[in-house]
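This report refers to the structure that appears directly beneath it.
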Amino acid sequence: MSDHDQTHGWDVHALSGAYAVDALDDLERVRFEAHLAQCAECRDEVDSLREAAAVLGTGDLVEPPAAVRDQVLAGIARIRPLPPQPTGGTVAALRRRTPLLLAVAAAVVLLLGVGVAWLQPWDGDDAPPQLTAAERILAAADASTVEKSFPDGSTATIVISRSEGRALIRTTDMASAPDGKAYELWLQTPAGVMVPAGLMPDDPDTTYVLDGDASEATGVGITVEPDGGSPQPTSDPIALFPLDS
Amino acid sequence: MDPVPGDSAGVSHEGAPAGGHGTDLGPLLQRAARGDTAAFATLYDATAARVHGLVLRVVRDPAQAEEVTQEVFLEVWRQASRYDAARGSALAWLMTISHRKAVDRVRSAEAATRRDVTYEQTHRSVEHDTTVEAAHASLEARRVRTALGQLTDVQREAIELAYFGGYSHTEVATLLDLPVGTAKTRIRDGLIRLRDTIGVGR
């Protein structure tokens with residue numbers, strides 16, 4: 001994440017104003033958000049610049065038609081409000097304190113939960129059950145995780161099992177890709193080639209098993225691609241999860 | 001707390017934008033997060049004109065703007081628990097969501113039609129987006145006008161093209177004939193000056 005600051009050669013802090021008024025392109029935005037997760041100074045600056053921009057934006061008062069109100073109030077009946085962030089503190093503060101611990105705790109909970117489901121069938125006298133690919137990865141003895149969190153509170157975790165040769169991604173509260181775009185997953189080969197590994201479902205909370213052999217993958221990448229995906233990445237990754245060999 | 005009666009923009013004693021008509025938006029958001037639809041309706045009534053005013057200004061097409069305003073409020077309902085008063089005013093949070101949705105709409109529409117930015121459009125948008133002309137005649141608007149007057153022409157134009165035009169900083173650089181990479185600096189410098197003049201934020 002922080003390597004973006006150096007690799008792109010520009011002063012990432014200088015993007016705060018453009019970020020506050022949504023004047024970054026998709027890639028710049030994701031990169032800046034990765035930086036924000038680590039830079040309290042930039043977070044404070046963005047918050048304060050958004051206050052200023054909001055004042056600018058409140059000059060025009062235009063009542064929407066009454067039908068909009070009706071549709072909104074009818075619409076919210078079908079939408080469940082998101083739960084609060086998992087602690088009383090700000091997400092940013094939380095991340096500063098315990099990013100790794102959280103990731104590990106989440107992974108342990110995941111693995112424990114699946115482990116129980118995995119063991120129980122053996123208590124009976126039925127034939128071993130057909131585990132889903134996701135369950136096999138999560139239950140594998142050599143499963144390991146890499147997590148990234150984003151400033152909007154969303155998280156993505158890769159779980160990989162070399163012995164299973166498969167990897168999966170779990171997301172929470174992930175924002176949809178921009179209209180007409182999709183998040184495409186990639187497995188990076190030892191030679192550095194990005195191999196398509198499927199399109200992420202358009203669902204904020206999802207578990208998705210990547211296509212392809214992950215037994216030697218050196219990383220997992222996510223790029224923003226046109227709907228339907230691309231045979232090779234057309235933009236730099238918005239997230240890259242390095243995998244230990 | 002609203003020093004200005006009627007439908008003018010609310011300004012708290014600290015200068016941070018408060019809710020419309022003196023309504024305190026933070027507690028309404030809190031109640032909405034717990035599923036209180038009546039609180040949410042009050043929030044809607046207090047802020048819909050402001051949200052729609054901004055969305056319409058960016059999106060321009062009235063039918064599309066209505067769709068976006070609707071999306072904004074559905075998102076506000078969904079995300080209400082994520083508002084963090086420690087990070088800023090509820091109105092700024094709301095306007096941030098509104099602006100983002102509006103910009104997403106114009107950018108995706110643009111990608112669909114692959115429309116070129118012509119000089120004519122640029123020129124028109126600059127005129128249309130002159131905040132001084134369009135701003136509501138209120139204390140708030142006068143404060144904004146005064147604050148905008150403190151900016152250099154380039155800072156003001158860059159902010160207006162980005163904020164009301166929905167252009168990216170690289171597009172703004174092209175439109176204003178600035179070297180690539182300098183528009184983002186103008187936008188930031190301008191916003192900082194605006195912030196310090198208006199007296200919001202930290």
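The values are calculated or read from the model by the stated rules, or taken from the named source; none is laboratory data. Quick caveat, the model's predicted, so the values are computed rather than measured. Please note: Cβ atoms are built from the backbone with ideal geometry, for glycine as well, and neighbour counts cover all protein chains shown.
On the basis of being modelled with pLDDT under 85 and surrounded by fewer than 19 Cβ atoms within 10 Å (Cβ to Cβ), does residue A:152 make the cut? Walk me through it before giving the result.
Working: modelled with pLDDT under 85: yes; surrounded by fewer than 19 Cβ atoms within 10 Å (Cβ to Cβ): yes.
Spelling it out, residue A:152 is indeed modelled with pLDDT under 85 and surrounded by fewer than 19 Cβ atoms within 10 Å (Cβ to Cβ).
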Taking segment B:156-172 and keeping only residues that are within 7 Å of chain A (Cβ to nearest Cβ) and touching an Asp or Glu at 6+ places or on another chain (Cβ under 6 Å), one is left with B:168
Criterion violated by residue A:80 - all others in (1) under 21 Å from residue B:76 (Cα atoms); (2) part of a helix (DSSP H, G or I); (3) more than 7 Å from every other protein chain (Cβ to nearest Cβ) satisfied: (2)
How many residues does segment B:33-60 hold that are in a helix (DSSP H, G or I), more than 30 Å from residue B:161 (Cβ to Cβ) and more than 7 Å from every other protein chain (Cβ to nearest Cβ)? 5
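Of all residues in segment B:162-173, count the ones that are within 12 Å of the chain's Cα centre (by Cα) and not small (Gly, Ala, Ser).
Taking segment B:162-173 first, the residues within 12 Å of the chain's Cα centre (by Cα) are B:162-166.
Of the ones still in play, those that are also not small (Gly, Ala, Ser) are B:163-164.
Counting residues in segment B:162-173 that are within 12 Å of the chain's Cα centre (by Cα) and not small (Gly, Ala, Ser) gives 2.
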Segment B:122-168, residues that are in a loop (DSSP other than H, G, I, E, B) and either modelled with pLDDT under 85 or of a type in the set (S, T, N, Q) (or both): B:129, B:130, B:135, B:136, B:137, B:138, B:150, B:152, B:168
Filtered residues of segment B:66-91 (kept if buried (at least 23 other Cβ atoms within 10 Å of the Cβ), free of Cβ contacts under 8 Å to residues at least 40 places away in the same chain and either farther than 19 Å from residue A:69 by Cβ or more than 7 Å from chain A (Cβ to nearest Cβ) (or both)): B:68, B:72
For segment A:160-181, name all the residues that are of a type outside the set (D, E, K, R) and either within 13 Å of the chain's Cα centre (by Cα) or assigned by TED's automatic domain parsing to the domain that holds residue A:25 (or both). A:168, A:169, A:171, A:172, A:174, A:175, A:176, A:177
Residue A:67 vs (1) modelled with pLDDT of 95 or more; (2) at the interface with chain B (Cβ under 7 Å from one of its Cβ atoms): all pass except (2)
Where a residue in segment A:194-215 is in the same structural domain as residue A:183 (by TED's automatic domain parsing) and its partner, wherever it lies, is among the polar types (S, T, N, Q) and surrounded by 14 or more Cβ atoms within 10 Å (Cβ to Cβ), with Cβ under 6 Å and at least six apart: A:194/A:188; A:205/A:172; A:206/A:171
Does residue B:92 count as within 16 Å of the chain's Cα centre (by Cα), modelled with pLDDT of 90 or more and not assigned by TED's automatic domain parsing to the domain that holds residue B:195? yes
The lone exception for residue A:160 - which of (1) in a strand (DSSP E or B); (2) under 23 Å from residue A:235 (Cα atoms); (3) of a type outside the set (S, T, N, Q) it fails: (2)
